[in-house]
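Reviewing the structure listed below.
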Amino acid sequence: MGAAPFPVPTGSLLALGALLFCIGLFGALTKRNLIIVLVSIELMLNAANINLVTFSRLGVAPSLSGQVFSLFTMTVAAAEIAVGLALLLALFRLRKTSEVKDLNIHKW
Amino acid sequence: MVQYAWLVPFLPLVAYVFLLVLGRKAAEGLVAGVSVILTAVSFVLSLFIFQAVGNNPHGNNTYVFHWLTVGNRVFDVGFQVTHLNALMLVVVTLVSTLVFLFSKGYMHKDDRFPVFYQYLNLFVFSMLALVISLNLLQLYIFWEMVGLCSYLLVGFWYFKPEAALAAKKSFIVTRIGDTGMFAGIVLLFLATGSFDYSTIFSAVAHGTLHIGWLSNNGVITLTALLIFAGAVGKSAQFPLHVWLPDAMEGPTPVSALIHAATMVAAGVYLVARTFPLFQASTGATTTVAWIGAITALMASLIALTQRDIKRVIAYSTMSQLGYMMMALGVGAYAYGIFHLMTHAFFKALLFLAAGSVIHAVDTQDLFEMGGLRKKMPVTTYTFLAGALALAGIVPFAGFWSKDDILSATLQSGHPVLYWFGLIAAFCTAFYIFRVFFLTFTGKPRVEEKYEHAHEGSWVMKLPLVVLAVFATIAGFFNSPVNHYGLERYLFADFASGTAGVVVKENVGLMAFSVAVGLLGILLAALMYWRPAFGGEKLSKALSIPYIISFRKFFFDEIYTFVIVGGGKVIAAIVDFVDRYIIDGIVSLLSWIGSVFGTMLKYTQDGQVQTYSAIAAFGVLIFIAIAVFTVGGVL
Amino acid sequence: MSLSFWLVAAPLIAAVLLLVLPKMGGAASRGLAIVGTLVSLVLAIVMWLSFPSGSTGFEFIGKIHWFTLPAMWHGTDLSVGLSFGVDGLSLPLAAMTAFISVLAMAGAKRDIDRPRLYYFWLSMVTAGLLGVFAALDLFTFLVALEVTLFGSFFLIQLFGRPGSPKAAIKFLIYRGFATVAMLVALVGIAYGLTGAYSHSGISGNLSFSIPTMLNEAHHLSSGILPAGVAGALLLVLLLGVFIEEAFVPFHTWLPTTHEYADTPTNMVIGGLLTKTGAYVLLRFGVGMLPAQIQHYGMLIAVFGVINILYGAFAAWAQKDWRRLIAFGGISHMGLVLLGIASFSAAGLQGAMFMIVSSGLLTALLFFLTGAIEDRTNTVQLKDLGGLSKAMPMISGFLLVAALGSLGLPLTSGFISEIQAFIGGFTAYPAASFVGLGGLILSAVYLLYAIQKTTFGPTAKLAEGLSDATAREYLPTILLTAFVLLIGIYPNLIGHLFGLSVQGLLGIGG
């Protein structure tokens, strides 16, 4: 594969990935609502995807494997979110809440 | 004949097993009958054996069986009938038979009558087996067995707290001596590779005893003293004498058989049996002689003031055993054994007679008796025979043997010990006639007890009469009458044909000791029979010596305080250390663990986001470290 | 498969059946467990009778290969499997294990909660113990040791007296630590003897096989294993043994455990489980590191004497029969140390006799005090008294057990003591003289307890109680019979121990 016509600088892409990851991490650690937490986790996964795609351009022999791998990640993320939402629904029925801080039955 | 010697202990064992099978509800007549008959057969057998050994002094007398292999050494068991053993067999079986007969009357209507006979049979078996033991190991085995029987019989009336305590005390105090004896036997085994008397004696003769860490002479003295420790415990010698008076809590026939005639004499027998070992060490013989003399004197002084009839006789036993030890210590082998024999007869007699009295008046306090002569003539005159024998009045049994011992002590060059013995002889005559006068003469002190006093049935009278006959004539077994036959019989055990000191007849000495005895009787008569001056006044005048004697030189108090108390304090300290220091450290460790756990548990707050934040922070740190390491900062 | 394999397998099979068979009642569970252990007992007796005379090695060997750990040491593979066999030392101990376990099961009370679980764990512990004694492979040995550990833990925890969980955890932590220490030492010994310093070259074939290790140790008398390494291994092994065997000062788990465990468990723990440590010391210490045992002999002897006296004094101070028996056992096992330290035929044989004697007597004492407790609901000395009146047979046997414990001749205790002291006086006279104090003290504390229990006026709570029942007579009479039998005819087990001692001393030179 040749060079792209308007190559976006690698540094910008990595910065975007890092930014997205930090936003996701912040959300996952601080948001009260489980749904937002799940969304934040998706953000982090996407950040990882951006990195994967970015790095797949580089190297001695650039290849598509990074992009293929990001497709895998999306698939797994979809499955994960499905399971996550199902758990969330079940929890909500049981405990009438979707607040993260209320889910502390493993507290000492 | 000698090869059947095993039957002698075996028959009482048969009786024991038989009674065990019969159970606790067996009829008294059957129980006593079987016991008496089998023991009597043993006695007859013993007589034959006694004669057979005498007729053929150098015949085979040893029978060996294999028992246990240790490394390349073999422990044997078996039996051996020396002249000494043969004599012991006769004495033990005779006294046992009579005591068995007597007990039929004495223990009549006791709840556990069959059990009593079981224990007694077991005792007689053990005692006889002890006597014909092949070697020191076997002797030790039966030595402990007789101790066990003594424990069981002293504690026979187990529901009495005093009996329970006395039984425990008798076992533990003798155990102290036995432990020394155990060590002595083990050391002899190490030094010679055998428990056999003959092997040990020949090693002693050749001076070849040797243990890695101890020389020949050291081994001889050490083992002799250790074995003597066992004898001290068993024969109730100073300083392990405290158990014997308490052991009087047992039924009186037990006192007669075990604590007068047989088991307590086993200590003397042991020293006699290992005589060559003792002879090889001056230190050991001197110790034996002095311990014997001190015991003889001390016990006779204590006996002067006791109020309990059985305790007086118990202290008397202790004192007489002291004589025997002293005899062996000064080398008067034959006379120690001779006295053992005569003493067995007259002391068993005194105990049985005392038992007859106790049976009649149901008290042991001398000052609740009195005037029993009219009601109990047989008991009175048999007791008198025993008392005269004990006091050493010619021609009763005790005279011959005690006089031999005193003469031997003086003639072997121990004047101090002689005086110890003489003073003890004076006290002996006094205290036994004090008992006699208080019990049988004068006026009854407690009327109602006197009222129902009566002589026992023939089973109780017959043993008294038989023993009284022996107490009267047994002295002649070793007297000019038969050219000192017993002495010669006993000496046949030794290759040289003699052992230790042989007494030269000295009529002067004999007369002197008889005079001392008569003096003691006279004093007793003046104080308690025809009171010329009241005993009360005298004891008040001598209040301090009186209290010392009455309180038995305070041995019990001192031992209770120092040894038992000390042991209990150590035990309490160990227990404290165990509970609060060792286990305390363990608890401390577990407490530290639990404190850390408690502290850390608060990080487990159940908030997923906290966990993830901490994890993220941790990852950051790792990244930082990695970056700085790569960058060369760290 | 060989007999020694089935020896271990029989109780294990019984245990598995107890788990899988449905609807097992109390009687059926007990019956199944007894059958399993009884098979072991019969096998042990068969092996006993057919044991080749004069054989100083292992007989009736059976092996199952399990898996191979590749390239464990310089490219050689390590074969791991189950391997069993018995020699003159382990056969009597295995027989005693089956014997005491059967009696503990047969004598157990009939109204146990969850009998299936109870007899399952009892069978497991029995199988574990048999495995410990019959193992011919380190792996097998360590697995069996863990089985005994967990089995006993559950027996104490689930079936003990109120408060037993705490005691169970103490037991588990202590003995778990002992197992770790022994594991480190034993694997170290295996590497040392067969791997690193094999006589055949610097890198030999690493093997966990106990006969191979013993064989290497035999060749090692020339001293290829550095003394420092061997010494360190022995000290670690001793640490493990001391905890396992409840030697002072690592003993405090034992009285606590006995105080809270129920009677059959106490019989198994006191009679058998506390003997594994001594077995380890004999098998691995004396067998594989003989030079070091001799080198540290004084240390072992001194610890032995400390145990004898400490245990005896502590027993004297106890108010509770069970704690008293526990400390008495500690005192007894001190004599085992003295015998081993002497490193002589008599001493070693005395130690072996003492293991058996103490096992039988401890089990008997626990059984009888248990019988008393069933009636009076107490084993506190101050509450008892005059039991002879109501229960003459139990009292009589209790006295016999006490007399055996204090080493009265014609009981097994005496045979052990005299041999141990013959050994002791050969090598360490001063320590042995001090140790004699134990003989006196054992009489003091045992007769004191007897006097408080069976003598004296009958205590209120003992009035009108019944004597032993048929269920109680069986274990009592059989245990007493063996105590007396060994005392009267010691060669019964002496000839097997003698063979083992020859084997051990052949190694030591």
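The values are calculated or read from the model by the stated rules, or taken from the named source; none is laboratory data. Note that the structure is a prediction, hence the values are computed from the model and not measured. With ideal geometry, Cβ positions are generated from the backbone for all residues, glycine too; neighbour counts draw on all protein chains shown.
Counting residues in region B:341-354 that are within 30 Å of B:ARG488 (Cβ to Cβ), more than 16 Å from the chain's Cα centre (by Cα) and at pLDDT below 90 gives zero. Before we move on, is B:GLY597 within 14 Å of chain A (Cβ to nearest Cβ), in a helix (DSSP H, G or I) and farther than 20 Å from C:PRO255 by Cβ? Judged against the criteria, B:GLY597 is a match. B:ASN121 meets each of the listed conditions (1) surrounded by 24 or more Cβ atoms within 10 Å (Cβ to Cβ); (2) facing chain C (nearest Cβ under 8 Å) apart from (2). Take the conditions (1) closer than 18 Å to B:MET326 by Cβ; (2) crowded, with 18+ Cβ neighbours inside 10 Å; (3) among the hydrophobic types (A, V, I, L, M, F, W, C); B:VAL416 misses just one of them, which is (2). Surrounded by 24 or more Cβ atoms within 10 Å (Cβ to Cβ), within 14 Å of chain C (Cβ to nearest Cβ) and not hydrophobic (A, V, I, L, M, F, W, C): does that describe B:GLY233? Judged against the criteria, B:GLY233 is a match. Beta carbons closer than 8 Å, at least 6 apart along the sequence or on distinct chains, pair a first residue in region C:417-445 that is more than 9 Å from every other protein chain (Cβ to nearest Cβ) and more than 27 Å from C:ILE325 (Cβ to Cβ) with a second that is assigned to a helix (DSSP H, G or I) and among the aliphatic types (A, V, I, L, M) for C:TYR428/C:MET298; C:TYR428/C:ALA301; C:TYR428/C:LEU338; C:TYR428/C:ALA341. Applying the criterion of at least 3 residues that are surrounded by fewer than 17 Cβ atoms within 10 Å (Cβ to Cβ) to the helices (runs of 4 or more DSSP H) found wholly in region B:457-542 leaves B:458-473, B:507-524, B:535-541. In region B:188-220, the residue that is farthest from the chain's Cα centre (by Cα) out of those that are more than 14 Å from B:THR274 (Cβ to Cβ), assigned to a helix (DSSP H, G or I) and without any contact (Cβ under 8 Å) to a residue 40 or more places away in the chain is B:HIS206.
Residues in region B:565-582 that are more than 8 Å from every other protein chain (Cβ to nearest Cβ) and within 32 Å of the chain's Cα centre (by Cα): 3 in all. Of all residues in region A:77-91, those satisfying the criterion of being surrounded by 13 or more Cβ atoms within 10 Å (Cβ to Cβ) and of a type in the set (A, V, I, L, M, F, W, C) are A:ALA77, A:ILE81, A:LEU85, A:LEU88, A:LEU91.
Which one is nearest to the other protein chains (Cβ to nearest Cβ) among residues in region C:345-369 that are among the small types (Gly, Ala, Ser) and crowded, with 24+ Cβ neighbours inside 10 Å? Taking the candidates together, the pick is C:ALA346. Restricting region C:462-476 to residues that are surrounded by 15 or more Cβ atoms within 10 Å (Cβ to Cβ) and assigned to a helix (DSSP H, G or I), the residue that is modelled with the lowest pLDDT is C:ALA462. Per the listing B:THR97, B:THR39, the residue uniquely within 23 Å of the chain's Cα centre (by Cα), surrounded by fewer than 24 Cβ atoms within 10 Å (Cβ to Cβ) and touching a residue at least 40 places away in the same chain (Cβ under 8 Å) is B:THR97. Quick one: is A:ALA47 part of a helix (DSSP H, G or I), at pLDDT 90 or above and either among the aromatic types (Phe, Trp, Tyr) or closer than 19 Å to A:LEU71 by Cα (or both)? Considered against the rule, which asks whether it is part of a helix (DSSP H, G or I), at pLDDT 90 or above and either among the aromatic types (Phe, Trp, Tyr) or closer than 19 Å to A:LEU71 by Cα (or both), A:ALA47 comes out as yes.
I need the full set of residues from region B:144-156 which are at the interface with another protein chain (Cβ under 8 Å from one of its Cβ atoms) and in contact (Cβ under 8 Å) with a residue 40 or more places away in the chain, in order please. The one that is at the interface with another protein chain (Cβ under 8 Å from one of its Cβ atoms) and in contact (Cβ under 8 Å) with a residue 40 or more places away in the chain: B:GLY155. Hey, any hits in region B:357-374 for a residue that's buried (at least 24 other Cβ atoms within 10 Å of the Cβ), under 25 Å from the mean Cα position of the chain (by Cα) and under 16 Å from B:HIS454 (Cβ atoms)? The answer is yes; a qualifying residue exists. Right, B:VAL562: surrounded by fewer than 12 Cβ atoms within 10 Å (Cβ to Cβ), over 36 Å from the mean Cα position of the chain (by Cα), more than 14 Å from chain A (Cβ to nearest Cβ) and part of a helix (DSSP H, G or I) or not? Spelling it out, it is not the case that B:VAL562 is surrounded by fewer than 12 Cβ atoms within 10 Å (Cβ to Cβ), over 36 Å from the mean Cα position of the chain (by Cα), more than 14 Å from chain A (Cβ to nearest Cβ) and part of a helix (DSSP H, G or I). If I ask for residues that are among the hydroxyl-bearing types (Ser, Thr, Tyr), free of Cβ contacts under 8 Å to residues at least 12 places away in the same chain and part of a helix (DSSP H, G or I), which ones from region A:59-102 would you list? The answer is A:SER65, A:THR75.
Looking across region B:375-413 at every residue that is over 26 Å from B:TYR335 (Cβ atoms) and aliphatic (A, V, I, L, M), the one that is surrounded by the most Cβ atoms within 10 Å (Cβ to Cβ) is identified as B:MET376.
Please specify each residue of region C:79-112 satisfying the condition of being assigned to a helix (DSSP H, G or I) and not hydrophobic (A, V, I, L, M, F, W, C). If the condition is that a residue be assigned to a helix (DSSP H, G or I) and not hydrophobic (A, V, I, L, M, F, W, C), then C:SER90, C:PRO92, C:THR97, C:SER101 are the ones that fit. Check whether at least one residue in region B:214-225 is within 11 Å of chain C (Cβ to nearest Cβ), surrounded by fewer than 24 Cβ atoms within 10 Å (Cβ to Cβ), touching a strand residue (DSSP E or B) at 6+ places or on another chain (Cβ under 9 Å) and closer than 30 Å to B:PHE553 by Cβ, and report yes or no. Yes, region B:214-225 contains at least one residue that is within 11 Å of chain C (Cβ to nearest Cβ), surrounded by fewer than 24 Cβ atoms within 10 Å (Cβ to Cβ), touching a strand residue (DSSP E or B) at 6+ places or on another chain (Cβ under 9 Å) and closer than 30 Å to B:PHE553 by Cβ. Residue count for region C:453-509 satisfying the condition of being of a type in the set (Ser, Thr, Tyr) and either within 14 Å of chain B (Cβ to nearest Cβ) or over 23 Å from C:PHE367 (Cβ atoms) (or both): 6.
Only residues that are in contact (Cβ under 8 Å) with a residue 40 or more places away in the chain and at the interface with chain C (Cβ under 9 Å from one of its Cβ atoms) were counted across region B:157-168, and they come to 4. If you go through region B:376-395 and pick out every residue that is over 24 Å from the mean Cα position of the chain (by Cα) and either part of a helix (DSSP H, G or I) or at pLDDT 90 or above (or both), you end up with 9. Residues in region C:396-410 that are more than 10 Å from chain B (Cβ to nearest Cβ) and not in a helix (DSSP H, G or I): 0 in all.
For C:GLN419, state whether it is touching a strand residue (DSSP E or B) at 6+ places or on another chain (Cβ under 7 Å) and either buried (at least 17 other Cβ atoms within 10 Å of the Cβ) or not basic (Lys, Arg) (or both). For C:GLN419, the condition - touching a strand residue (DSSP E or B) at 6+ places or on another chain (Cβ under 7 Å) and either buried (at least 17 other Cβ atoms within 10 Å of the Cβ) or not basic (Lys, Arg) (or both) - is met. Here B:SER281 meets each of (1) among the hydroxyl-bearing types (Ser, Thr, Tyr); (2) crowded, with 24+ Cβ neighbours inside 10 Å; (3) more than 14 Å from chain C (Cβ to nearest Cβ) with one exception, condition (2). Criterion applied to C:GLY287, C:GLY311 was being more than 26 Å from C:LEU446 (Cβ to Cβ) and in a helix (DSSP H, G or I), and the one residue passing it is C:GLY287.
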